[in-house]
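The values are calculated or read from the model by the stated rules, or taken from the named source; none is laboratory data. Please read these numbers as outputs of a predicted model, since none were measured by experiment. In this analysis, Cβ positions are derived from the backbone assuming ideal geometry, glycine residues included, and neighbour counts consider all displayed protein chains.
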Amino acid sequence: MARTVAKCEICREWIDAERLEAVPGTRLCREHAEQINQYGGEFLTVAREDRTSKSGSLKINIGGVTTERVPNQKAMDQLRDDYEMQLDDD
Ligand SMILES: [Zn+2]
């Protein structure tokens, strides 16, 4: 069976398989996923209203709201800065 593997974008360590299964699309190892929470988390949830009615149509469509998870790039950048500063301290 094929396994999904990925490396942490911050420290380049392998992300463990259970974490990848639990959080598909993650780009952070467990440690950095915890650290990024102080910057608002790894992902942002954006809501978008579905537009299903055409203008002029007599049919009334009740549009739903689609939520989408997008990477929180700003938080990622801040976390990377932190990580690089820590490396300089050593
Ligand atoms: Zn990491």
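Need the failing condition index for V46 against (1) at negative phi; (2) near the ligand (Cβ under 10 Å from one of its atoms), just the number.
All conditions pass for V46, except number (2).
Condition first: in contact with a strand residue (DSSP E or B) (Cβ under 6 Å, 6 or more places away or on another chain), assigned to a loop (DSSP other than H, G, I, E, B), at negative phi and at pLDDT 95 or above. Can you find one or more residues in the range 66-85 that meet it?
Scanning the range 66-85, I find at least one residue that is in contact with a strand residue (DSSP E or B) (Cβ under 6 Å, 6 or more places away or on another chain), assigned to a loop (DSSP other than H, G, I, E, B), at negative phi and at pLDDT 95 or above, so the answer is yes.
Could you please find all residues in the range 1-29 being basic (K, R) and within 8 Å of the ligand (Cβ to nearest atom)?
Within the range 1-29, just R12 meets the criteria.
Tally time: how many residues in the range 20-29 are surrounded by fewer than 16 Cβ atoms within 10 Å (Cβ to Cβ) and either free of Cβ contacts under 8 Å to residues at least 40 places away in the same chain or not in a loop (DSSP other than H, G, I, E, B) (or both)? Please lay out each step first, then the result.
Going residue by residue through the range 20-29, those that are surrounded by fewer than 16 Cβ atoms within 10 Å (Cβ to Cβ) are 21-22, 24-25.
If we keep only those that are either free of Cβ contacts under 8 Å to residues at least 40 places away in the same chain or not in a loop (DSSP other than H, G, I, E, B) (or both) too, we end up with 21-22, 24.
The qualifying residues number 3.
Could you grab me the full set of residues in the range 35-65 that are among the basic types (K, R) and modelled with pLDDT of 80 or more?
In the first step, residues of the range 35-65 are kept if they are among the basic types (K, R); the result is 48, 51, 54, 59.
If the condition is that a residue be among the basic types (K, R) and modelled with pLDDT of 80 or more, then R48 is the only one that fits.
Restricting the search to the range 1-19, which residues are assigned to a loop (DSSP other than H, G, I, E, B) and either at pLDDT below 95 or aromatic (F, W, Y) (or both)?
Answer for the range 1-19, where residues must be assigned to a loop (DSSP other than H, G, I, E, B) and either at pLDDT below 95 or aromatic (F, W, Y) (or both): M1, A2, R3, T4, V5, A6, D16.
Hey, E49 hits all of (1) closer than 24 Å to D81 by Cβ; (2) surrounded by fewer than 10 Cβ atoms within 10 Å (Cβ to Cβ) but one; which does it fall short on?
The failed condition is (1).
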